[in-house]
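Bear in mind that the values in this text are calculations on the coordinates, not laboratory data. This one's a predicted model, so the numbers in the text were calculated from it and none came from an experiment. Neighbour counts are summed over all protein chains in view; Cβ atoms, including those assigned to glycine, are modelled from backbone coordinates with ideal geometry.
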Amino acid sequence: MNLLYGTLLILLLQILAWVSANGQFSDYFKNYNTFAICVTLGIPISILGYFGAKFLYAHFASAWSVRLVGYGISYLAFPVMTWFLLGESMFTIKTILCIFLSLCIILIQVFM
């Protein structure tokens, strides 16, 4: 369960971090003060990082595994968010290869 909870918390962290950093470029957020959103999300993002790392470390007992799984999750969330909210295609050879490599990193950390 630690793996599931940690992964979900890190995924939510990555989604909120995307909104915090890139929401300013999205038409969806054009009627909002994106800087205020960024500042407001700072503490929840930090709390998600804290507990996500705690759960993942409880599962892996390795800070390297926590870091690499977090990186892999970030590279899975970013293309989807960028495609959905900015309309930028994630279907380029470079992005597809990076997503594939991120999946490999996650799978290596989980199954080896």
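Mean residue ellipticity at 222 nm from the helices of the chain, using -39,500 (n - 2.57) per DSSP H segment of n ≥ 4 over the full residue count, to the nearest 500 deg cm²/dmol?
About -28500 deg cm²/dmol.
A Gaussian network model of the chain, with springs between Cα atoms under 10 Å, assigns the largest mean-square fluctuation among Ser20, Ser46, Ser65 to Ser46. Converting phi to 3J(HN,Hα) with the Karplus coefficients 6.51, -1.76 and 1.60 and the offset θ = phi - 60°, region 22-27 yields 10, x, 4, 9, 9, 5 Hz in sequence order, with x at every glycine or proline. Between Leu3 and Tyr50, residue separation times 0.36 nm minus the direct Cα-Cα distance comes to 15.5 nm. Shown in residue order for region 46-59 are the 3J(HN,Hα) couplings computed by the Karplus curve 6.51 cos²θ - 1.76 cosθ + 1.60 at θ = phi - 60°: 5, 5, 4, x, 4, 6, x, 5, 4, 5, 5, 5, 4, 7 Hz (x for Gly and Pro). Treating r as the C-beta distance of Leu97 and Ile37 and R0 as 35 Å, the FRET efficiency rounds to 0.65. For Phe25 and Tyr57, a Förster radius of 35 Å and the Cβ-Cβ distance give a FRET efficiency of 0.55, rounded to the nearest 0.05. Here the Gaussian network model covers the chain, with springs between Cα atoms less than 10 Å apart; of Ile93, Ile15, Ile37, Ile93 fluctuates the most.
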